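Before any comments, here is the structure.
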There are 2 protein chains.
Amino acid sequence: MVPLPDAPYLKSKLPQCYRGRDNCQGAADLDISPPSAFTWLVQKGDKSAEHRGDKSAEHRGELIQPRIPKGFRDFLPEKEAERLSIVRKLQSVFERFGFLPIDTPVLEFAEVLLGKGGGETDKEVYRFTDHGGRDVAMRFDLTVPFARFMAAHLEEVGLPFRRWHAAKVWRGENTQRGRYREFMQVDFDVVGTDSASADLEILLLMRESLAALGMKSFTIRYAHRGAFNACLARLGLEARSVEVLRTIDKQRKVGAEKTRELLAGIAGPAAASEILEFIRVEETPAATLRKLSRLVGDGVEAIARLSQVASALDRLGIAGTFVLDPSITRGLDYYTGIVFESFLGDLPDIGSVCSGGRYNDLASLYTKQRLPGVGASIGLDRLMAAMEELGLAGGSSARSSVLVLFLDDSLIGVYHEIAQGLRAAGIAAEVYPEKKKLTHQFAYAEKKGIPLAVLYGAQEAAAGTVTLKDLTSRESYEGLAPADLPGRARELLR
Amino acid sequence: MVPLPDAPYLKSKLPQCYRGRDNCQGAADLDISPPSAFTWLVQKGDKSAEHRGDKSAEHRGELIQPRIPKGFRDFLPEKEAERLSIVRKLQSVFERFGFLPIDTPVLEFAEVLLGKGGGETDKEVYRFTDHGGRDVAMRFDLTVPFARFMAAHLEEVGLPFRRWHAAKVWRGENTQRGRYREFMQVDFDVVGTDSASADLEILLLMRESLAALGMKSFTIRYAHRGAFNACLARLGLEARSVEVLRTIDKQRKVGAEKTRELLAGIAGPAAASEILEFIRVEETPAATLRKLSRLVGDGVEAIARLSQVASALDRLGIAGTFVLDPSITRGLDYYTGIVFESFLGDLPDIGSVCSGGRYNDLASLYTKQRLPGVGASIGLDRLMAAMEELGLAGGSSARSSVLVLFLDDSLIGVYHEIAQGLRAAGIAAEVYPEKKKLTHQFAYAEKKGIPLAVLYGAQEAAAGTVTLKDLTSRESYEGLAPADLPGRARELLR
């Protein structure tokens, strides 16, 4: 018999009529497939492992390395189960707050993502020309697509609009800094309002999100860009603002003394003192607010806003989680109002896992409708790294609880009946798929972390009972009535 | 004051230090941002709507159309909530069966996805050269990446391995046929075993998946490629097999008489009769099996396998959902064993929403380890269309249950306290973000489908009570003690 071509190679020609792609639509699909893909069809009898083996040996001289591009990752079951569990927990928080899910395409027009003139300097964007000659790019964040989405669907969704979006984004960054080129973000925003209530809502949501993931000692630090800008303007430091901000941003790393020295070098010792005074966190938010008023003047809207937020947090009895910290400067080129970052008390060096702020106008590139808003973003990869370090990860493995052992080919229906009975009782169960040595089957259970096994062989079949085995204690429970199996399994799983 | 550049345009220069991208890592991030992005920083005072308005008017001469490429879609909240709900239900079925989640990169090396020689004819694949000169492509299905994944992680995951994967894939197909270029698939496979038990497991999983989504009258039709090939070989029709298969595939559309005519034209009237005899579904699976044995010979392994599966389905008491239908021919160039498709009784024309089959060797392009397996794929877009037609969609909107109305700026903390109290009781609640006319706030609730509203104004503040309003019946419940609010809301939500 003529050997068959290997399936994946054929699949690589994108036949329309296999299980992929909405599934087969009938004859129409066949018309696309190259006829050559069918020439071997009739030479194919029943499959036989030996015959396939021959073919493989012949074909396998030129194996392709199963590698993936740098900065990209496979998620193995344990990690992927954890990621799904995190997103699900966040989703349930968002739902409690009335935030709605949306999704947008991975590919957008480059013009939409990068602006009309933009693009030539955007080396980090995965951008290309598609078959139709369209200049397209993969999204590099969830905010620009959200802006485009709002401009396109304003009437349909209405204002104010609260959305969350958990999805992958791509940036061809330098991976030497430990960054991924494919990573996941979880964004949540309220748009269509300038209100302090929306600022507060995002702060609450950040707090609830981190708490829902089991984080214990964290703080959310907030400030207001308006106050900082007013401070710099008063000192006549407009022209040196970038240097000043960079220096402040490094403070946590280099310490206060070094920061004073650097600031004095930029702005002179007096201004340095005033800046350090400005960014210092006082004993209470009220004291910090008084200080800010003194330094930048009472009438600044930013101070009033910070005051509103601080007293609402107080009223809610959760002020302890929040720190009014004027040194927070994030989003230099983006935020216009309140800004915030989260810090994990047990992992001070990991940086912020959830940050955001208020912006003046989300979608001015695409619509005349002004869309002020406030939002935050969770960097899921950093968050997962943090949870791993804190021992909060790994509890969400999707393994089965029971393995039904396969002892006899004639009992295949019974094995699946046993598994279905367990599943109906809410217990995840799987059948070992074929007759193999029991040591093999037990080794499989151990590798997968499956704690219980069911034995049903000739002896059990004769007696009409099943045997349940606790693979941890190695104890066996023989002579169980099939109806009692789920209950007993549940007891042992407790 | 010099107007500020609009935020999104600046964002399009990919600054490292806004909320995206793992969040800010401190000074290191700033080093990447182009200095020009900061020059306007100190000119920015507190934000002001009027001032922003001016700027906008100036900038907005050149609005970018917020359009997306053909074949791509935005998912608005209702649809996205439904999609999330479907995937979550499927996930819970997969977990009960011990199937594990994985994820793979959206971008892979083109060589990996398309094979070493492949590629030049793959007009449907989004393929490009990245900044590092790598020849990469976006995945066009979840099976080729799974094959690569298995070759790369065989030791880590062990065999047999059961996985599910719900993710987007991309194909630059002709959209005139109502197809999307970005769409979602949900795949599940058992690899590392040739067993009938694994075939059965995938059939069970298909059944449970459709049932979990509320599907009522569906059938899963199965056949075996080996039996069909043996039939064609006996008739000496190897050379005409493609035509024969296409003709059979059209049978559901053109009817039996036309099919006989076409087959006779290809193979002569006698062979046509035998083929029609072969593909006919008999009264019972047993009768169909006897017929197949008679037509292709007893010893064919395919018949034994079909017989094993049929009797296990019988034993499980679910044979009524399944039809042994020898006319199922899907996956011509891919499957080697059992094949199956699902049909919705109430939507005969929509085609299969979940299909699959057994393959001999998943990953022979990448590894010498033979990996036989069996799996299926759900086309989520067709499934969602089907659910919509069947009235099974739309029950999963993520809207809030209660809107806390905003009556007084000084009560902002109280409004959020009320909302937090409802959330703590498991009731999704949101605060209208600012003081606006009540008609506005009620219109918002109506648009979002929020059924209840809480009023807390000067009167309630004085009395220490809250008012709950049923927006459907328009009844008001005044004088409620705050502690009684969640209970009363829950009653009304029932």
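Oblate is the label for the range A:114-193. Its Cα gyration tensor axes, ordered a ≥ b ≥ c, give a/c of at least 1.5 and b/c at or above a/b. Let a ≥ b ≥ c be the square roots of the eigenvalues of the Cα gyration tensor of the range A:398-443; is it rounded (a/c under 1.5), or, if not, prolate (a/b larger than b/c) or oblate? Oblate, since a/c reaches 1.5 and b/c is not below a/b. Would you work out if the range A:66-185 is rounded, prolate or oblate? Take a ≥ b ≥ c from the square roots of the eigenvalues of the alpha-carbon gyration tensor; rounded if a/c is under 1.5, else prolate when a/b is larger than b/c, oblate otherwise. Oblate. Could you tell me how many cubic angstrom of Cα convex hull volume the range B:233-330 has per residue? Residue-normalised Cα hull volume stands at 106 Å³. Along its first, second and third principal axes, ordered by size, the range B:455-494 spans 30, 20, 10 Å in Cα coordinates. In nanometers and ordered shortest first, the copy-to-copy spacing of the A:LYS70 label point, defined 7 Å from Cα toward Cβ, is 3.9. The mean count of C-beta atoms from other chains within 10 Å of the C-beta of residues in B:365-371, rounded to a whole number, is 5. Each listed q (0.04, 0.08 Å⁻¹) maps to a log10 I(q)/I(0) for the protein assembly as shown from the Debye sum over equal C-alpha point scatterers, namely -0.23, -0.85. Against the main long axis of the alpha-carbon atoms of chain B, helix B:380-389 sits at an angle near 80°.
Note on the range B:120-278: Kirkwood hydrodynamic radius from all Cα pairs is 19.9 Å, rounded to one decimal. Charged side chains reduced to their Cβ positions (Lys and Arg at +1, Asp and Glu at -1) give the protein assembly as shown a dipole of some 520 debye around its Cα centre.
Scanning chain B for the beta carbon that comes closest to the axis linking it by rotation to A yields B:PHE128, 2, distance in whole angstrom. Per residue of B:430-437, other chain Cβ atoms within 10 Å of the residue Cβ number 6 on average. Per-residue mean of foreign Cβ neighbours for B:136-147 is 4 (Cβ atoms of other chains, 10 Å radius). Note on chain B: dipole from Cβ charges, positive end direction compared against B:VAL87, B:GLY391, B:TYR335; the farthest Cα belongs to B:TYR335. Basic side chains Lys and Arg get +1 at the Cβ, acidic Asp and Glu get -1 at the Cβ, and with that the dipole of chain B about its Cα centre reaches some 620 debye. Within the shell defined by Cβ-Cβ distances under 13 Å, the residues around A:ARG290 carry a net charge of -1, with Lys and Arg each +1 and Asp and Glu each -1. Comment: the Cα-to-Cβ extended label point of B:ALA239, at 7 Å, lies 8.9 nm from its counterparts in the other copies, nearest first. Compared with the dominant principal axis of the Cα atoms in chain B, helix B:412-424 is inclined by about 30°. Amide H contacts of A:VAL125: A:GLY172, each under 5 Å away and 5 or more positions distant or on a separate chain (H built 1.01 Å from N in the peptide plane; Pro and chain starts excluded).
Starting from a label point 7 Å past Cα on the Cβ side, list the distances from A:ARG294 to the same position in the other copies, nm, shortest first. Relative to the other copies, A:ARG294 has label-point distances of 10.2 nm. Expressed as a whole percent, the proportion of Cα-Cα pairs in the range A:402-493 lying more than 21 Å apart is 20%. For the range B:402-493, a crude dipole built from +1 on the beta carbon of Lys and Arg and -1 on the beta carbon of Asp and Glu, taken about the Cα centre, is about 280 debye to the nearest 20.
The trypsin sites (Lys or Arg not before Pro) of the range A:274-334 that DSSP puts in a loop, and whose beta carbon has at most 16 other beta carbons within 10 Å, are A:ARG280. With 29 Å as the limit, write out which pairs from A:LYS79/B:LYS216; B:LYS258/B:LYS291; A:LYS436/B:LYS116; A:LYS448/B:LYS79; A:LYS368/B:LYS435 have Cα-Cα distances beyond it, or answer none. In this structure, A:LYS79/B:LYS216; A:LYS436/B:LYS116; A:LYS448/B:LYS79 exceed 29 Å between Cα atoms.
Value of Rg to Rh for the range B:322-446, rounded to two decimals, is 1.32; Kirkwood radius and Rg both from alpha-carbon coordinates.
When you count the other C-beta atoms within 10 angstrom of each residue and take the mean per peptide, B:427-436, B:257-266 line up highest first as B:427-436, B:257-266.
Normalised size of chain A, defined as Cα radius of gyration per 2.2 N^0.38 Å with N residues, equals 1.29. Compared with the dominant Cα axis of chain A, that is its longest principal axis, helix A:49-59 is turned about 50°.
Readers should treat all values here as calculations from the given coordinates under stated rules, not as data from a laboratory. Because the structure is a prediction, the values reported are computed rather than measured. Glycine gets a Cβ as well: all are built from the backbone with ideal geometry, and neighbour counts include every protein chain shown.
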